[in-house]
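Working notes, structure below.
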Amino acid sequence: MDIAKKVKLENKMGIMPINKLIINMSLPLITSMFVQAFYNIVDSLFVARINEEALTAVSMSFPAQNLMISAGTGVGVGITALIARYLGAKDEKGVTRVVHNGIFLGILNSILFAIFGLFFAKFYFEFQKASGLIETYGIQYLSICSIFAFSIILEITFERMLIASGKTIYTMITQSTGAIINIIFDPIFIFGLLGFPKMGIIGAAVATIFGQTVAMLMALYFNIKKNHEVRFAIKKFAVHFKTIANIYEIGFPSIVMQSAASFMIFQLNNLLASFSTTATAVLGVYFKLQSFVVLPVFGLNNSVISIVSYNYGAGKIKRLLKAVKLANIYAFGIMFAGFVLCQTLPVPILKLFDASDNMLSIGIPALRIISFAFLIAPFSIVSSGTFQALGKGIFSLIVSLIRQLIVILPLSYLLAGIMGINGVWIAFPMAEIVAGILTIFYLKKLYQNEIMKRKIKRHK
């Protein structure tokens, strides 16, 4: 039987040549992530044209928005790994339980963020010492995004179901459509074009929610109509606490990772504000630019989690190892390109955001210094995905906390006191070096204690 016929009889993750499989599954995700990253930048460009206060307000909102994404992504990572593993083991009931309880968790998380948006947005900005226009803009923007958080959280949930079964082309369509809608309606709602009222910063939030809601509905439609390996038997829905525990056992590290990133940005905003509000805006611009490099790597990593989980469940260790190796090579290539751009073109990049002379003086060294982290980060990111796929979320959690909290924050404060603002930027690559060393240790441990045992067991 040739490969083409085998692929039709078995999920492609278990039979398609690995290099072709990674390209086949990750290219749609990488493409959609590029579009999403492009939206992140374009959105900030439009907001920057309101004024620098608006850009600073959106930058301060980023940690809270990142928490919403972390809630969706954490559950999504658990869903992806479990569905892929159950598909590899041919356990249809297990797949259905994960689908039902994943949706339940998505709805529950959405309610919690709506409460935050209604009652705690003002406190959030007061805690960051925001005042005047920055506080007003921030409350307006973040309240809307939080109250309608269901759009992004459930979008992620439904897209992860598509990824888990290898239907990444549909994820590309949903994410790209949502981002394109956002890009189109951003200037219309912000500046009052085509007969729409001029809404300013509120328009940016409305455009965001509109795009996310369309993407969510499309992802739901594709699951119902195209994803025959995932079934929505709503009448048979039941909360299954063991399944919820399994989802969080795998996905909790992702929640902590992104939450740690939110806390890190929150604290860095406070630290940088002691230098100037422009420094805070620079950090916000950096994270928008970083998304253009990191999000595609996450797209690649999402597909690799499914591939590794499936082949681990099916006992195909050789395919698993090859997938991890190729993923590291591709991830490094993507982030090296980002490193080159930040080193050679910092001025044109910053001027896209209407950077003042003060912003350029802070931003140019910031981009050049922080981008050295891009040379090490892909290894830790891909390895963290591998840990999650194999059910070793605690390894992923520790590495991510090293990268985004335990090392970077104390080091930022220490170096800022010694070297000034550039000390904050130097802390980024130094944290990646420490995380990379720890990742090597965990990979060796995982290979010896899990992968080799699985390999030996299969050959008995």
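Restricting to the range 173-194, what's the tally of residues that are surrounded by fewer than 22 Cβ atoms within 10 Å (Cβ to Cβ) and closer than 21 Å to Ile41 by Cα?
Step one: filter the range 173-194 for residues surrounded by fewer than 22 Cβ atoms within 10 Å (Cβ to Cβ), giving 173, 176-177, 180-181, 183-185, 187-188, 191-194.
Then keep just the ones that are closer than 21 Å to Ile41 by Cα; that gives 173, 176-177, 180-181, 183-185, 187-188, 191-193.
The number of residues fulfilling the criteria is 13.
Which one of the conditions (1) surrounded by fewer than 22 Cβ atoms within 10 Å (Cβ to Cβ); (2) in a helix (DSSP H, G or I); (3) of a type outside the set (Ser, Thr, Tyr); (4) touching a Gly at 6+ places or on another chain (Cβ under 6 Å) does Lys198 fail to meet, given that it meets all the rest?
Condition (2) is where Lys198 drops out.
Select, from Ile83, Ile152, Ile144, the only residue that is modelled with pLDDT of 90 or more, under 28 Å from Ala164 (Cβ atoms) and under 22 Å from the mean Cα position of the chain (by Cα). Don't jump to the end; show me each part of the working.
Numbers: Ile83 fails: modelled with pLDDT of 90 or more; Ile144 fails: under 28 Å from Ala164 (Cβ atoms).
Ile152 is the lone residue from the list that is modelled with pLDDT of 90 or more, under 28 Å from Ala164 (Cβ atoms) and under 22 Å from the mean Cα position of the chain (by Cα).
Give just the number: which of (1) surrounded by fewer than 24 Cβ atoms within 10 Å (Cβ to Cβ); (2) part of a helix (DSSP H, G or I); (3) of a type outside the set (Val, Ile, Thr) does Lys90 not satisfy?
So the condition that Lys90 fails would be (2).
Of the residues Met218, Met161, which is modelled with pLDDT of 95 or more and either among the β-branched types (Val, Ile, Thr) or within 20 Å of Met33 (Cβ to Cβ) (or both)?
On the way: Met161 fails: modelled with pLDDT of 95 or more.
It is Met218.
Here are some conditions: (1) under 30 Å from Lys90 (Cα atoms); (2) buried (at least 24 other Cβ atoms within 10 Å of the Cβ). Gly315 meets all but one. Which one does it not meet?
Among (1) under 30 Å from Lys90 (Cα atoms); (2) buried (at least 24 other Cβ atoms within 10 Å of the Cβ), Gly315 violates only (2).
Looking at the range 304-332, which of its residues are more than 19 Å from the chain's Cα centre (by Cα) and free of Cβ contacts under 8 Å to residues at least 60 places away in the same chain?
Selection gives Lys318, Lys325, Ile329.
Being touching a residue at least 60 places away in the same chain (Cβ under 8 Å) and at positive phi narrows it down to one of Gly192, Gly200, so name that one.
Gly200
Quick one: which residue in Ile244, Ile180 is among the hydrophobic types (A, V, I, L, M, F, W, C), under 27 Å from Gln36 (Cα atoms) and part of a helix (DSSP H, G or I)? Give the derivation first.
Numbers: Ile244 fails: under 27 Å from Gln36 (Cα atoms).
Exactly one residue qualifies, and that residue is Ile180.
Please find, within the range 225-282, the residue that is surrounded by the most Cβ atoms within 10 Å (Cβ to Cβ) out of those that are over 17 Å from Ser396 (Cβ atoms) and of a type in the set (D, E, K, R).
Restricting to residues being over 17 Å from Ser396 (Cβ atoms) and of a type in the set (D, E, K, R), the top hit is Glu229.
Which residue out of Ala337, Ala355 is part of a helix (DSSP H, G or I) and under 30 Å from Arg49 (Cα atoms)?
Values: Ala355 fails: part of a helix (DSSP H, G or I).
On inspection, the qualifying residue turns out to be Ala337.
For Ile437, which of the numbered conditions (1) among the hydrophobic types (A, V, I, L, M, F, W, C); (2) at pLDDT 90 or above; (3) closer than 16 Å to Asn302 by Cα fails to hold?
That leaves (3) as the condition not met.
Find the helices (runs of 4 or more DSSP H) located wholly in the range 121-169 whose residues include 1 or more that are surrounded by fewer than 24 Cβ atoms within 10 Å (Cβ to Cβ) and in contact with an Asp or Glu (Cβ under 7 Å, 6 or more places away or on another chain), and list them.
Values: elements: 121-127, 132-147, 150-164.
Per the criteria, 121-127, 132-147.
The values are calculated or read from the model by the stated rules, or taken from the named source; none is laboratory data. Since the model is a prediction, treat every value here as computed from it, not as a measurement. Here Cβ is always computed from backbone atoms with ideal geometry, including for glycine, and neighbour counts include all displayed protein chains.
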